[in-house]
Every structure is written in structure tokens, then in C-alpha cells.
Amino acid sequence: MKKTFKVVRTIFSYLLIALFLTLAIIVISSKASGGEPTVFGHQMKVVLSGSMEPTFKTGSIIVIKPSADGSQYKKGDVITFKEKDNKIITHRVTEVKKANNQVMYTTKGDNNDAADLNPVLGQNVIGKYVDITIPYVGYLLDYANSKLGAALLLIIPGLLLFIYSIFSITSALKEIDPKKKVSAT
């Protein structure tokens, strides 16, 4: 029993360290680039509406490959782009037009009845969806971006580490001084 508990504790320690290192890398890369978090050259976006259901469920995270110029996409590709009011949208390309050395895309959400009213200029394309979706985690990320969520995400891991360190110290002290362990029972 003791050996199993020690193995579980060790695995938990390594998982916590891996989690904190991953979060640190994401935060540092986000701050260094001055924009969206980029991991291995890909960005994560939260799906906030049902316009692309059933392809993406609301609250999912999708992974996109950022675009250099936005002119290389074809019909059927799912692209993420900025609208004129800087709103970010992810829809499927239904038509590609080239005019005056510019590429324009007609897009449509899979769950929408009609195509989007305004064509998307190639320079407004942020990137292309790369077939990686993580359902429902976007709700957590969206909450983490709020002030309360950010505060809780700083406090809760700190509390967990504090409790875990107290538990580890008391376990180590019991192993060092077995008399206290025997006299307590």
C-alpha cells in the first residue's frame, strides 16, 4: 500500500510539473509574440458560437496553422479570419475569387443557411483549421480570460502546491522519525 501511494504521489508530482511548464511556455510565447499563444507554430482558438456545428461544438478549442499571406486556400478549407470590426470567425470556404491581384473568399458556417454577406480578403485570413478539436475546454479558457477566472487560476494551483508540500513534508518527517509514528498509534 505504501509503495503504491508513493508511486501515485510521484506521478502526481510529475504531472503537476508538466502542467505548470506547459502553461508557462504558452504564456511566455504569447507575451513574446505580443498576440495569440502559439505552440509548435499553431494557435488555439475558442469556438464561441454554433455556426460551425456539428463540425465544432460551441465551447471547443480548435487548432489553426497561421497564414503568411492568406491567398493559398481552396474551396472546402476551414479558415479563421478577421471581420472589419476585428471579430474573429471560423467558417468554411465555399468559393474563391481572384480580382485585382487580390484573393477573396466566400465563406459559410456549416450550420448557417446562407453564405456570409461580406467576402473575406486574403489579407484578413488568420489561418487554416488543422483538424484538431478539443471539445468543451474552450469554456475553461474563456473563463480564464475573465478577471475572476484569471485570479482563481492563479490561486487554486498555488493552494494545491501548498497543500501538497505540507503533505510531502509531514510524510518525510514520519519516515525520518518512526518513533513518532508508533507513539501516535
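The values are calculated or read from the model by the stated rules, or taken from the named source; none is laboratory data. If you're wondering where the values come from, they're calculated on a predicted model, not measured in any experiment. When we count neighbours, we look across all protein chains shown, and the Cβ atoms used for this are built from the backbone with ideal geometry, even at glycine. For the accessible areas, the whole protein counts, side chains as well, though only heavy atoms, and no ligand, DNA or RNA atoms are used. Shrake-Rupley method; radii C 1.70, N 1.55, O 1.52, S 1.80 Å.
Quick check: anything in segment 161-181 within 30 Å of T94 (Cα to Cα), of a type in the set (D, E), surrounded by 10 or more Cβ atoms within 10 Å (Cβ to Cβ) and modelled with pLDDT under 80?
From segment 161-181, those within 30 Å of T94 (Cα to Cα) are none; that's our starting set.
Scanning segment 161-181, I find no residue that is within 30 Å of T94 (Cα to Cα), of a type in the set (D, E), surrounded by 10 or more Cβ atoms within 10 Å (Cβ to Cβ) and modelled with pLDDT under 80, so the answer is no.
Consider only pairs whose beta carbons are under 6 Å apart and that are at least six residues apart or on different chains; among these, list those whose first residue lies in segment 1-30 and is modelled with pLDDT under 80 and whose second residue is of a type in the set (V, I, T).
S29/T38
The rows are residues; the columns are (1) open to solvent by 50 Å² or more (accessible area, probe 1.4 Å); (2) under 30 Å from L160 (Cα atoms); (3) modelled with pLDDT of 95 or more.
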| residue | (1), (2), (3) |
| --- | --- |
| G41 | no, no, no |
| S60 | no, yes, no |
| S67 | no, no, no |
| K75 | yes, no, yes |
| E95 | yes, no, yes |
| Y105 | no, no, yes |
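Out of segment 77-90, which residues are surrounded by 12 or more Cβ atoms within 10 Å (Cβ to Cβ) and either free of Cβ contacts under 8 Å to residues at least 12 places away in the same chain or of a type in the set (D, E, K, R) (or both)?
First, pick out the residues of segment 77-90 that are surrounded by 12 or more Cβ atoms within 10 Å (Cβ to Cβ): 77-83, 88-90.
Once the filter is applied, which keeps residues that are surrounded by 12 or more Cβ atoms within 10 Å (Cβ to Cβ) and either free of Cβ contacts under 8 Å to residues at least 12 places away in the same chain or of a type in the set (D, E, K, R) (or both), segment 77-90 yields D77, K82, E83.
In segment 126-157, how many residues are in a helix (DSSP H, G or I), modelled with pLDDT of 75 or more and either open to solvent by 70 Å² or more (accessible area, probe 1.4 Å) or farther than 18 Å from H42 by Cα (or both)? Please lay out each step first, then the result.
Just the residues of segment 126-157 that are in a helix (DSSP H, G or I), to begin with: 137-144, 147-157.
Add one more test, that the residue is modelled with pLDDT of 75 or more, and what stays is 137-139, 148, 155-156.
With either open to solvent by 70 Å² or more (accessible area, probe 1.4 Å) or farther than 18 Å from H42 by Cα (or both) added as a condition, the list becomes 139, 148, 155-156.
Summing the residues that are in a helix (DSSP H, G or I), modelled with pLDDT of 75 or more and either open to solvent by 70 Å² or more (accessible area, probe 1.4 Å) or farther than 18 Å from H42 by Cα (or both) in segment 126-157 gives 4.
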